[in-house]
Amino acid sequence: MVGGPISSEKIDLVIYGPLRPIIENGFTDHYVLHKSETRADLERLPPSVFEKVRGMAVTYHTVPADKESLARFPRLEIIASFGVGYDHVDSAYAREHNIVVTNTPDVLTEEVADVAMGLLIATLREFVKADRYLRSGLWLTQNYPLSVGSLRDRKVGIVGMGRIGQAVARRLDASRVPVVYHSRNPASGVAYKHYPDLIEMAKAVDTLIVIVPGGAATTKMINAEVLKALGPRGVLINVARGSVVDEPALVQALKSGTILAAGLDVFANEPNVPDELKTMQNVVLLPHIGSASVVTRNAMDQLVVDNLKTWFAGKPPLTPVPETPVKDRG
């Protein structure tokens, strides 16, 4: 890894993605910032900038920090990515070229777990549908019908048992709901039953909460076979990435009664959402708001800044991803 304590040389950074005030204003005059909100903006940077940039802040998952983009920066040392998921960053390329990648875990864990739990309850107890019922004036003539779903007779399988999965499990424990989980390997220090086979877990539960990273390894892992195994009482909650769910298979499962309902915060082609999902009464749809509160997004922005500033102070970054371990620094 190159890099060291800050010298008299100014450090060129590129902010790639939507502009975020805390990130834009987080650096002293010792840094030179180059702003590129889109891939096209990035490609229009002058060649002299490509030659100088040493750090990159990727401010949202909608901009691809792929091999083609990263290869333009021969001096790049660090990519500080906003968000816990970093499948939009080519970490394999970064590792091969001694570029460290960081993300923003921990500061959003509880917020996303809150949304997962809220989305589960809203889906089961039909909160959105009931709200529309009241606003329409129907409550003046008849009581709202009993909800088919309830948290009280559920067994939840969590797909992924990282920081957020464990935070969701704590909330379910407090609600006295049995929890099991699926992951490639058993999670350290976790007492819940581990299912190495996703299909077998889907058969054993009636609710799936998905919170795994995006990327090739998890693309469409929640497919027609998994949904069939979940069964007609099944409820799917996705607060991970839209790519993790086979969206056409989910639409079909909801239409046919293969599963009961779904609560979705993420979609395969955001911000585009299939019209069929929008018209369904047994689906709750959120516009990817898992971490979207002022307090949490501010903390995420600050962690992006702190990772870059720590690195250029000659210290290890605060939250490097496993694929790009930092060596010989500290």
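Once the Cβ-Cβ distance between Gln252 and Leu19 is put in as r, and R0 is 41 Å, what FRET efficiency do you end up with, to the nearest 0.05?
0.55
Which value in nm describes the separation of the simple spin-label points at Thr38 and Leu277, placed 7 Å from the Cα toward the beta carbon?
Between Thr38 and Leu277, the label points sit 2.4 nm apart.
Taking amide H positions as placed in the peptide plane 1.01 Å from N, state which residues far from Tyr31 in sequence (5 or more) or on other chains have amide H under 5 Å from it.
Here the answer is Ile11, since their amide H atoms fall under 5 Å of that of Tyr31.
Which distance in nm do the two modelled labels at Lys220 and Ser147 give, with both placed 7 Å along the Cα-to-Cβ direction?
3.3
As an exercise, identify the trypsin sites (Lys or Arg not before Pro) in the range 178-253 lying in DSSP coil whose Cβ has no more than 10 other Cβ atoms within 10 Å.
Hits after loop and neighbour filter: Arg184.
Considering the Cα trace of the range 109-285, what is its radius of gyration and what is Dmax, both in angstroms?
In Å, with Rg to one decimal and Dmax whole: 15.9, 54.
Looking at the range 109-285, send over the antiparallel percent of its DSSP beta bridges, to the nearest 5.
Of all bridge pairs located within the range 109-285, approximately 5 percent are antiparallel.
Counting Lys and Arg as +1 and Asp and Glu as -1, what is the net charge of the other residues whose Cβ lies under 13 Å from the Cβ of Asp41?
Values: positive: Lys35, Arg39, Arg44, Arg72; negative: Glu37, Glu43.
Result for the local shell: +2.
Counting helices only, and only those DSSP H runs with n ≥ 4, report the 222 nm mean residue ellipticity of the chain as the sum of -39,500 (n - 2.57) divided by its residues, in deg cm²/dmol to the nearest 500.
On the way: 13 runs with 111 residues, N = 330.
Roughly -9500 deg cm²/dmol at 222 nm, from the helical runs in the chain.
For the chain, take the convex hull of the Cα atoms, compute a quarter of its surface area, and give me that in nm², please.
Average of the hull's projected areas for the chain equals 18.6 nm².
Ratio of the range 18-170's C-alpha Rg to 2.2 N^0.38 Å, to two decimals?
Compactness ratio reported: 1.52.
Tell me the net charge near Leu76. Cut-off is 11 Å between Cβ atoms, Leu76 excluded, with +1 for each Lys or Arg and -1 for each Asp or Glu.
That works out to +1.
What do you get for trypsin sites (Lys or Arg not before Pro) in the range 30-132 restricted to DSSP loop and a cutoff of at most 14 other Cβ within 10 Å of the site's Cβ? The partial results should precede the final answer.
Details: sites: Lys35, Arg39, Arg44, Lys52, Arg54, Lys67, Arg72, Arg75, Arg95, Arg125, Lys129, Arg132; in loops: Arg44, Arg72, Arg75, Arg125.
Filter output for the range 30-132: Arg44, Arg75.
For the range 143-154, take each phi angle, set θ = phi - 60°, evaluate the Karplus expression 6.51 cos²θ - 1.76 cosθ + 1.60, and give the result in whole Hz per residue in order, putting x for glycine and proline.
5, 5, x, 4, 6, 5, x, 7, 6, 6, 10, 10
Any idea how far apart Tyr60 and Asn298 come out in nm if each label point goes 7 Å out from Cα toward Cβ?
2.0
Given R₀ = 25 Å, what would the calculated FRET efficiency be for Ile289 paired with His194, taking r from the Cβ atoms and rounding to 0.05?
After rounding, the FRET efficiency stands at 0.25.
Work out which helices of the chain, taken as complete DSSP H runs, extend at least 24 Å along their axis over the Cα atoms and score a mean Kyte-Doolittle of 0.0 or more, then list them. Numbers along the way, then the final one.
Numbers: long enough: 294-312 (27 Å, 0.14).
Taking the DSSP H segments of the chain (at least 24 Å long, mean hydropathy at least 0.0), we get 294-312.
Every number here is computed from the coordinates shown, using simple stated rules; none is lab data. Being a predicted model, the structure only gives us computed values, none of them experimental. Every residue, glycine as well, gets a Cβ built from its backbone with ideal geometry; the counts of neighbours run over all protein chains shown.
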